[in-house]
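Student: Attaching a single structure in structure tokens format; questions to follow.
Rule-based calculations on the coordinates, nothing more; no lab input. This one's a predicted model, so the numbers in the text were calculated from it and none came from an experiment. Don't worry about glycine lacking a Cβ; one is built from the backbone with ideal geometry, like all the others, and counts go over all protein chains shown.
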Amino acid sequence: MRNILIITVGIILTLISNYLGHIYPPFSIDWTPILIGLFTGLVLYFTNFRLIIKFSLIIGLIIFNDILIKFYAGGTHDWEGVGWITVYLLLGLIISLVIIIIYGFTNQKENKKEYFLLIFAFSVLLFLYLSYFDSIGMTWVKYPTNDIKISKEKELFISNVELSDNKIIVEQDTFLITKGWFEKQIRINHKRLFKKNETTDKIYCTLILEGEFEKYKTREHIYYKLDDGKSRGYTSLNSTITLTLDQKKDKYSLGFYRTGWTKFKEIIIKNSH
């Protein structure tokens, strides 16, 4: 009866924590170290399950709580949020590990080898879970490739670009666009149990430039901007230009500007197919 009561208490506390975390973020994240530590102590010291069952219950609650937080916690679901969730989870794991080690030395004097082998096995299991499910509950867009060979190997390549001009001349500087290609934009959807790659309605265009670039491969006095009526910011000229485009269009205008936002060049980009 006591065993069932402790499991029930653990489940109820986890559900309450995540309900409050959904309404009052980041309650469930902050509560994670206490919840994990409390449940670890209750299971180890107040149940009479076999060791493997005790460890299974502890890791089960850790994973159950982590999944609930990543699916239902209030606030923005982004990589910064994942970082904070991981920090508090690690605090909880440290507390849990301390309790587990103390229990091993005080209550498992005759089975220490088996005990610590179980700790190692379940640590590996938890590591594998976190390696794959750290992003569960999120979607994000993958960065474009920076090499046309990689783009083709990953079956992202759409076509080479066709340019109205490949020279960018400003004062004494000349830059050449030596290659360019279009590729699919991929979104990783981890809103369900397993990750899924999805093609978005956008495409990437990558242009490779040659010329005299400054530190970090930029020229601070030359800027570019996609002239599509949506792009607001200007970007310093770089040896690699990456554009996110609407794939419904068949041509795009890329403007180049001097300091002071004086436009001195326009290049039309088309799909070569």
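Student: Would you give the gap between the C-alpha center of segment 82-120 and the C-alpha center of segment 22-64, rounded to a whole Å?
Tutor: Segment 82-120 and segment 22-64 have Cα centres separated by 12 Å.
Student: With a 10 Å radius around each residue's Cβ, average the other Cβ atoms per peptide and rank 199-206, 180-187, highest first. It would help to have the intermediate numbers written out before the result.
Tutor: Numbers: 199-206: 16.9, 180-187: 19.9.
Listed from highest to lowest mean packing, they are 180-187, 199-206.
Student: Starting from the alpha-carbon convex hull of segment 102-253, give the projected area averaged over all orientations, in nm². Intermediate results must be reported in sequence, preceding the final value.
Tutor: Numbers: hull surface 60.4 nm².
Taking the Cα atoms of segment 102-253, their convex hull projects to 15.1 nm² on average.
Student: What Kirkwood Rh does the chain have if only Cα atoms enter the pairwise 1/r average? Answer in Å.
Tutor: Kirkwood hydrodynamic radius for the chain: 22.8 Å.
Student: Among 24, 129, 88, what is the fewest-to-most ranking by other Cβ atoms within 10 Å? Numbers along the way, then the final one.
Tutor: Values: 24 11, 129 16, 88 19.
So the residues, fewest neighbours to most, are 24, 129, 88.
Student: Return, ordered by residue number, the residues of segment 4-19 whose backbone nitrogen is under 18 Å from a label point located 7 Å along Cα→Cβ of residue 53.
Tutor: 4-11
Student: Nearest 0.05, what FRET efficiency do residue 227 and residue 79 give at R0 = 25 Å with Cβ-Cβ as r?
Tutor: Values: r = 31 Å, r/R0 = 1.24.
So, using R0 = 25 Å, E works out to roughly 0.20.
Student: Right, another one. For the chain, with a Gaussian network of springs between Cα atoms less than 10 Å apart, report the residue from 102, 208, 36 with the top mean-square fluctuation.
Tutor: Taking springs between Cα atoms under 10 Å, the residue moving most is 102.
Student: Using helices alone, I'd like the mean residue ellipticity at 222 nm for the chain: each DSSP H run of four-plus residues gives -39500 (n - 2.57), total over residue count, nearest 500. All intermediate terms of the calculation are to be shown ahead of the outcome.
Tutor: Working: 6 runs with 121 residues, N = 273.
Mean residue ellipticity, 222 nm, calculated: -15500 deg cm²/dmol.
Student: Would you be so kind as to identify which of 226, 3, 18 lies farthest towards the positive end of the dipole of the chain, taking Lys and Arg as +1 and Asp and Glu as -1 on Cβ and the Cα centre as origin?
Tutor: 3
Student: Also, quick follow-up: Once fully extended, how much extra length lies between residue 248 and residue 9, figured as 0.36 nm per residue of separation less the alpha-carbon to alpha-carbon distance?
Tutor: Full-extension gain reported as 80.6 nm.
Student: In nanometres, what is the gap between the two model label sites at residue 119 and residue 97, each 7 Å from Cα along Cα-to-Cβ?
Tutor: 0.9 nm
Student: Taking the number of other C-beta atoms within 10 Å as the exposure measure, put 28, 123 in order starting with the fewest.
Tutor: Ordered from fewest to most neighbouring Cβ atoms within 10 Å, 28, 123 come out as 123, 28.
Student: Between residue 64 and residue 160, what's the calculated FRET efficiency when r is the beta-carbon distance and R0 is 51 Å? Round to 0.05.
Tutor: Working: r = 50 Å, r/R0 = 0.97.
After rounding, the FRET efficiency stands at 0.55.
Student: Among the trypsin sites (Lys or Arg not before Pro) in segment 26-118, which ones are in a DSSP loop with at most 11 other Cβ atoms within 10 Å of the Cβ? Mind listing them? List each step's numbers first, then the result.
Tutor: Values: sites: 50, 54, 70, 109, 112, 113; in loops: 50, 109.
Within segment 26-118, the qualifying trypsin sites (Lys or Arg not before Pro) (loop, at most 11 other Cβ atoms within 10 Å) are 50, 109.
Student: Of 154/251; 195/248; 184/251, which ones are farther than 18 Å apart at the Cα? Could you put the intermediate results ahead of the total?
Tutor: On the way: 154/251 25 Å; 195/248 27 Å; 184/251 16 Å.
Check vs 18 Å cut-off fails for 154/251; 195/248.
Student: Taking the Cβ of each residue in 134, 66 as the centre, tally the other Cβ atoms inside 10 Å and list the residues starting with the fewest.
Tutor: Going from sparsest to densest Cβ surroundings: 134, 66.
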